[in-house]
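Asker: Here it is: the structure, laid out below.
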Amino acid sequence: RHPELLNGLNLLHSEEGMNAYMAAYGEMHMMKCRAALQNVPYDSLQGSIEIVDWGCGQGIGSMCAIESLEQHDKLMWLKKVTLVEPSPFTLQRAKENINCATNGGITILSVNCYLPGDHSKNEVEGISYNMQNVIHVFSNILDVSNVDLKRLANMVSTSGHKHYILCIGPVNYQSYRIDQFCSIFGEQELFSNIQDSAYGRTSDTYHIFTCKTKCVVYNGS
């Protein structure tokens with residue numbers, strides 16, 4: 001009911017709003033990200049790694065990816081995290097979270113921009129990838145109707161890198177957009193493919209939440 005939230009869709013602009021978001025949605029968001037990450041083909045993840053968190057919010061998706069890399073003894077290969085987020089307040093919170101999780105040992109690039117879509121004056125125009133492996137986190141963002149999926153996909157499909165594309169969101173009337181986004185990359189084998197209208201319950205309120213994932217490895221061609 002916090003006036004900034006609007007079911008988790010609004011840009012946040014206060015400490016109280018960010019805390020309210022985490023209280024209301026943080027656990028659900030985290031559990032869905034962990035679901036997408038549990039079957040990443042880590043054995044094939046060799047060499048330097050970077051994470052790009054598109055529409056990162058407070059960095060929950062990045063934090064879950066960092067946690068998963070640590071569990072699979074890959075965290076030492078993480079060299080860079082790029083955070084893309086239009087709210088300067090949540091972007092700063094995400095940067096602080098990532099810096100804490102990595103003990104300040106990696107490069108963190110903050111991009112205070114909207115995702116491509118409604119021709120805003122402040123849209124991200126592209127991301128520069130430096131590492132061999134790029135983990136792209138699209139969490140609770142692809143179902144936003146004004147995001148241009150084709151332009152976004154073009155920013156991902158850069159040759160010379162192995163792209164691990166994590167598409168995560170709720171099961172709702174807009175979740176077909178996750179399927180549309182993945183289809184742009186052609187026929188790919190999915191390492192996570194969940195569509196569950198009763199995926200889990202929150203621990204404090206026992207609220208049932210949904211989960212949709214589609215995750216692929218893409219070679220940039």
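The values are calculated or read from the model by the stated rules, or taken from the named source; none is laboratory data. This structure is a prediction, so every number in the text was calculated from the model and none was measured. Cβ: placed from backbone, ideal geometry, glycine included. Neighbour counts: every protein chain shown. Ligands, DNA and RNA are excluded from the accessible area calculation, which covers all protein heavy atoms including side chains. Shrake-Rupley method; radii C 1.70, N 1.55, O 1.52, S 1.80 Å.
Asker: Could you list all residues from the stretch 39-53 that are assigned to a loop (DSSP other than H, G, I, E, B) and surrounded by fewer than 18 Cβ atoms within 10 Å (Cβ to Cβ)?
Answerer: Asn39, Pro41, Gln46, Gly47, Ser48 - these are the residues of the stretch 39-53 that are assigned to a loop (DSSP other than H, G, I, E, B) and surrounded by fewer than 18 Cβ atoms within 10 Å (Cβ to Cβ).
Asker: A follow-up question, please. Take Ala35 and tell me if it is surrounded by 19 or more Cβ atoms within 10 Å (Cβ to Cβ) and either under 23 Å from Lys212 (Cβ atoms) or of a type in the set (A, V, I, L, M, F, W, C) (or both).
Answerer: yes
Asker: With the checklist (1) open to solvent by less than 20 Å² (accessible area, probe 1.4 Å); (2) part of a helix (DSSP H, G or I); (3) within 23 Å of Gly105 (Cβ to Cβ) in hand, flag the one item Cys56 doesn't pass.
Answerer: So the condition that Cys56 fails would be (2).
Asker: Out of the residues in the stretch 79-113 meeting the condition of being part of a strand (DSSP E or B) and among the hydroxyl-bearing types (Ser, Thr, Tyr), tell me which one is most open to solvent (accessible area, probe 1.4 Å). Walk me through how you get there before you give the answer.
Answerer: Restricting attention to the stretch 79-113, the residues satisfying the condition of being part of a strand (DSSP E or B) are 79-84, 107-111.
The next check asks that each one be among the hydroxyl-bearing types (Ser, Thr, Tyr); those that pass are 82, 107, 110.
Working: Thr82: 0, Thr107: 83, Ser110: 49 Å².
Looking at the filtered set, the residue picked out is Thr107.
Asker: What number of residues within the stretch 121-138 satisfy the criterion of being of a type outside the set (A, V, I, L, M, F, W, C) and in contact (Cβ under 8 Å) with a residue 60 or more places away in the chain?
Answerer: Of the residues in the stretch 121-138, 5 are of a type outside the set (A, V, I, L, M, F, W, C) and in contact (Cβ under 8 Å) with a residue 60 or more places away in the chain.
Asker: Given (1) at pLDDT 90 or above; (2) under 17 Å from the mean Cα position of the chain (by Cα), where does Met22 come up short, assuming only one miss?
Answerer: Met22 satisfies all of (1) at pLDDT 90 or above; (2) under 17 Å from the mean Cα position of the chain (by Cα) except (1).
Asker: Still on this model: Report the residue count in the stretch 151-173 for those that are within 17 Å of the chain's Cα centre (by Cα) and more than 29 Å from Lys79 (Cβ to Cβ).
Answerer: Residues in the stretch 151-173 being within 17 Å of the chain's Cα centre (by Cα) and more than 29 Å from Lys79 (Cβ to Cβ): 2 in total.
Asker: Moving on. What's the total number of residues in the stretch 59-78 that are assigned to a helix (DSSP H, G or I) and open to solvent by 30 Å² or more (accessible area, probe 1.4 Å)? Outline the logic, then answer.
Answerer: Filtering the stretch 59-78 for residues assigned to a helix (DSSP H, G or I) gives 60-71, 75-77.
Right, trim to open to solvent by 30 Å² or more (accessible area, probe 1.4 Å) and you get 63, 67, 70-71, 75-77.
Of the residues in the stretch 59-78, 7 are assigned to a helix (DSSP H, G or I) and open to solvent by 30 Å² or more (accessible area, probe 1.4 Å).
Asker: Still on this model: Would you mention how many residues in the stretch 10-26 are open to solvent by less than 60 Å² (accessible area, probe 1.4 Å) and either farther than 10 Å from Ile60 by Cβ or in contact with a Lys or Arg (Cβ under 6 Å, 6 or more places away or on another chain) (or both)?
Answerer: Summing the residues that are open to solvent by less than 60 Å² (accessible area, probe 1.4 Å) and either farther than 10 Å from Ile60 by Cβ or in contact with a Lys or Arg (Cβ under 6 Å, 6 or more places away or on another chain) (or both) in the stretch 10-26 gives 6.
Asker: In addition: From the set of residues in the stretch 172-221 that are out of contact with any Asp or Glu (no Cβ under 8 Å at 6 or more places or on another chain), among the hydroxyl-bearing types (Ser, Thr, Tyr) and exposed (fewer than 13 other Cβ atoms within 10 Å of the Cβ), which is farthest from Cys64 (Cα to Cα)?
Answerer: Looking at the filtered set, the residue picked out is Ser221.
Asker: Val134 versus (1) modelled with pLDDT of 95 or more; (2) touching a His at 6+ places or on another chain (Cβ under 9 Å); (3) within 26 Å of Tyr21 (Cβ to Cβ): which is the lone unmet condition?
Answerer: Failing condition for Val134: (3).
Asker: Which members of the stretch 133-171 meet the condition of being farther than 30 Å from Ile208 by Cβ, of a type outside the set (Ser, Thr, Tyr) and surrounded by fewer than 16 Cβ atoms within 10 Å (Cβ to Cβ)?
Answerer: Across the stretch 133-171, the qualifying residues are Asp148, Lys150, Arg151, Asn154, Gly160.
Asker: Is there a residue in the stretch 114-124 that is open to solvent by less than 30 Å² (accessible area, probe 1.4 Å) and modelled with pLDDT under 90?
Answerer: Checked the stretch 114-124: at least one residue is open to solvent by less than 30 Å² (accessible area, probe 1.4 Å) and modelled with pLDDT under 90.
Asker: While we're here: Just give me the residues in the stretch 68-90 being within 16 Å of Ile106 (Cα to Cα) and within 14 Å of the chain's Cα centre (by Cα), in sequence order.
Answerer: Val81, Thr82, Leu83
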